[in-house]
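Structure, as structure tokens:
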Amino acid sequence: MKPRISFLIATKNRSHIIKDTIDSFINQEVEDWEAIIVDDHGNDNTQKVVEQYQDNRLRYFKLSDIHGFGASCARNLAAIYANSEIVAISDSDDISYSNRILLTLNSFDKNPDADIFYGNIDVWEEATGIVRSRKTPFFPYSFEKIKDIHFIPHSTVAMKREVLLNNPYN
């Protein structure tokens, strides 16, 4: 059975922190997800960290030279391997609140014509321990709204997979 949502995680040498990201998915209120983790030529033990979970919702791939370099190439490859119709972006140092999937799927269910959603983000400054909120209502993409708020918190983006496949990162 296909998951309802696939998280696309580009990573490189983040074995020391990716566990927090994975744990935040495992602790989601909704269990119908997968995470496609694409390692961008890293040389640490990220693969072993992922494999220790023994969770078939976690799928690890290593980016080969023929697919290029960088987070953009890793995200594009993850989108190709995704099994769901909805993909969401997560960086390998992101921690998602336990209701992220629920909010995302509810937004798509209530707005079937929308292709992309994005919303709030809290930024944790490791050096100071301060958490800053950048509040943005969770709403469908609109160029007019972007002109008003001036940014899309990238790690909150979820979209129909076909949108990303037709408009890959560059």
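Contour minus end-to-end for Lys2 and Ile66, with contour as 0.36 nm per residue of separation and end-to-end as the Cα-Cα distance?
20.2 nm
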Whole-number accessible area per residue in Å² for the chain, which is evaluated in the context of all protein chains at 1.4 Å: 56
For Asn45, distant residues with modelled amide H under 5 Å away: Ser15
Number of Lys pairs in the chain with C-alpha atoms less than 18 angstrom apart, excluding same-chain neighbours closer than eight positions? 9
Placed amide H near Val157: partners under 5 Å, 5+ positions off or other chain: Ile89
Segments 4-10, 91-97 sorted - mean Cβ within 10 Å per residue, highest first: 4-10, 91-97
Given 25 °C and 0.890 mPa s, compute D for the chain with the Stokes-Einstein relation, Rh being the Kirkwood radius over Cα pairs; round to the nearest whole µm²/s. 149
Between Thr128 and Asp32, with labels modelled 7 Å along Cα→Cβ, what's the label distance in nm to one decimal, could you check? 4.1
Under the Karplus curve 6.51 cos²θ - 1.76 cosθ + 1.60, θ = phi - 60°, whole-Hz ³J(HN,Hα) for the range 42-59, x wherever Gly or Pro sits: x, 10, 10, 9, 4, 4, 5, 4, 5, 5, 4, 6, 6, 10, 6, 7, 9, 10
For the chain, which whole percent of the accessible surface, found with a 1.4 angstrom probe, sits on carbon and sulfur atoms? 50
Simple SL model, points at 7 angstrom along Cα→Cβ for Asn120 and Gln47; separation in nm is 3.9
Built amide H within the under 5 Å cut-off of Asn83, gap 5+: none
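The values are calculated or read from the model by the stated rules, or taken from the named source; none is laboratory data. Please read these numbers as outputs of a predicted model, since none were measured by experiment. Every residue, glycine as well, gets a Cβ built from its backbone with ideal geometry; the counts of neighbours run over all protein chains shown. Just the protein is used for accessible areas: all its heavy atoms, side chains included, with ligands, DNA and RNA removed. Shrake-Rupley method; radii C 1.70, N 1.55, O 1.52, S 1.80 Å.
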